[in-house]
Structure formats: C-alpha cells, structure tokens
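Heads up: the structure comes next, in structure tokens.
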Amino acid sequence: MLKDAGQRKELFFSILFLLPALAIFAVLLLNPIVQAIYQSFFIWKGIAGAPMVWTGLNNYIAVLKDHLFWLSMRNSVIFMIGGFVVLMPLSFILAMIITSGIRGTRFYKTAFFMPVMLPITAVGLMWVYILEPNWGLINTALKWANKMEWARNWLGTSTLNVVVVVLVNEWIYAGLNMLIFAAGLIAIDHTLYEAAEIDGASRWQRLCRITLPLTKESFKIFSVMCVTGCLKTFDLIYAMTKGGPNHTSETPVSFLYAQAFSYRNFGVGNAVGTILLILGVALSLAINKIITSEN
C-alpha cells in the first residue's frame, strides 16, 4: 500500500513538473495545428473580422487538381532523392573522418559544420552570386578554363535549377547530419573492431558487418529528418529562386506561401499545410516501422 502511495506521489510530481512544458507545447504547436486544420475547410482571406465561408473539402480538391502542387511535390521528391543519394553517404563519410582520430580533427569539425551555422538566407544569396550566369564565380572559372560550352544559367534553366538548389542544400546540411552519424560511430565498442581484425576481417567487412548495422538508429534519425525536411523546404528555395522561373522550382511550402500570402487564399494554404502534416507523419511512421522491422 505504501509502495502504491509512493508511486502515485511520484507520478503526481512528474506530471506537475511536466505541465509548464506541456502547456507551452499545446499553445505554441498543437493550437496552431488544430486551427490550420479547422480553417482548411473554409474560404478565408486571412483578415481579422473577415467572414469565413464553409467550403468543406473543396480546398483539398482544388489543391489536388492544381498542377503546380504536383510539380512542387515532384521537386520535394528530387530533394529526397538528393538527400539519400548525396547527403547521406557524404555525411557518413565526414563522420568517419572526424571520428577516425586523424590529425586536424578539430579543424575538420569546424570546417564541415560551418555552413550549418550561417543564416540560410545569407548562404542562399552567396550561392546566387556564385551561380550568376554573366559574372558569377563558376561561369567565370569555366571561361578562364576555356570551357564556356559548360557554362549555364544555373538557376534560370528549368531542368537544372532544382538540382542545383538540392546540391547547395546538401552542402549546407552535411555538417549537421555528420554529427548524427558521428554520435552513432562513437557509441560502437572498439573491441568489436579489434576482435574482427584479429579474425582477419578486412576494412570493408568491418564496415558492412559492424559499423553499418550498429549505426542503424543514426540512419533512421537521418531518414526521418530528411523526409520531413524535404517536405517543408522553403527558405533556401525562396532565397535562391523564389520558386521560378515559371514555378519550375516550386516546393510545397513555397506553393503554400504563395496561396496564403500572395493570393490571400488562406483556406487553400491551410489545406496544403494539412496535407504536408499528414504526409510527414505517415512517412515518418513508415520509416520507423521499416527500419525497426529489419532489426
């Protein structure tokens, strides 16, 4: 009986200490989500006091029929492909470098992580100037190398601009994801490597049989962050292309921004946000289930 009373007292104080954080979470996160979902069923100009007209699922139907929405989703898929094909191996390699104990590790950590610490807008504008077709650094270097046939309007070509922004995105976030993989690598018991080396395992075998399986949680964290991050990409696209030219580099969030703040269709904008919320949660749960089931 005393044990039960002690447990109830411990539970009471645990909930009591959690209440401030839960209140902030509810006010700043849950409340806006609920309001956005509710407003997605109305036609509303986003002006206080303006009438909200019930429209049911029409906002969702309008979004799903809009080719720009599907174009923006295609661009999100390109971001995801870039994340898994370029960013994931790059971040893992950088993590192996900084955890290998080689000379100059502190310098490498700082250099690799530096882009993450810079404001996204500043980084985006820096790359806009580097990629400028007339006097930008890349085209100027190609001109000096007598390779002008390789020069392009990197951000103005519809088939190229999204790929260029994706590569800039990988350059920015390689350092952040490097830390995620580094945490997993540091947690591995080095006696496993010593035992494998004594048994005659090669470096490649140690990587495949020890390193990769034991860093599976890091890969799961990366996958969830990559998928959800690609769905909500906005700042870099807005700084570098603003969704252009002719909406070819539009992302779901830039499409949402245009609908809500340029066209004052807040109901449609909230519908896009709700779709992205459902997609993000569904894909995160699917990734967790797939990776966990492989254990």
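Each value in this text was obtained by applying a stated rule to the coordinates, not by laboratory testing. Since we're looking at a predicted model, the values are computed, not measured. Cβ placement follows ideal geometry from the backbone for every residue including glycine, while neighbour counts extend to all protein chains displayed.
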**Message:** Can you give me the C-alpha center-to-center distance between the range 225-295 and the range 128-180, rounded to a whole angstrom?
**Reply:** 23
**Request:** Extending each Cα 7 Å along its Cβ direction at PHE113 and LEU64, get the distance between those two points in nm, one decimal.
**Result:** 4.5
**Asked** How much length is gained if the chain between ALA187 and ALA48 is pulled fully straight, taking 0.36 nm per residue apart and subtracting their Cα-Cα distance, in nm to one decimal?
**Response** 44.8 nm
**Fill in**
Once the in-chain neighbours fewer than 8 apart are removed, the aspartates and glutamates whose Cα is under 19 Å from LYS45 read none
**Estimated FRET transfer efficiency (GLU197, ASN288; beta-carbon r; R0 35 Å; 0.05)** = 0.55
**Asked** For the chain, what is the convex hull (Cα atoms) projected area averaged across all directions, in square nanometres?
**Response** 24.5
**Average Cα contact separation per residue, the chain, under 8 Å, 6 or more apart, as relative contact order %** = 28
**Request:** Treating cross-link reach as a plain straight distance, find the lysines whose alpha-carbon is under 20 Å from the alpha-carbon of LYS220, omitting any fewer than eight places away in the same chain.
**Result:** LYS232, LYS289
**Prompt:** By a straight-distance test (C-alpha under 13 Å), which aspartates and glutamates pair with LYS242 as possible cross-link partners, with residues fewer than eight away in the same chain excluded?
**Reply:** GLU250
**Complete:** Listed by chain and number, the residues whose amide H is under 5 Å from that of PHE42, excluding neighbours fewer than 5 places away on the same chain and using placed H, are THR55
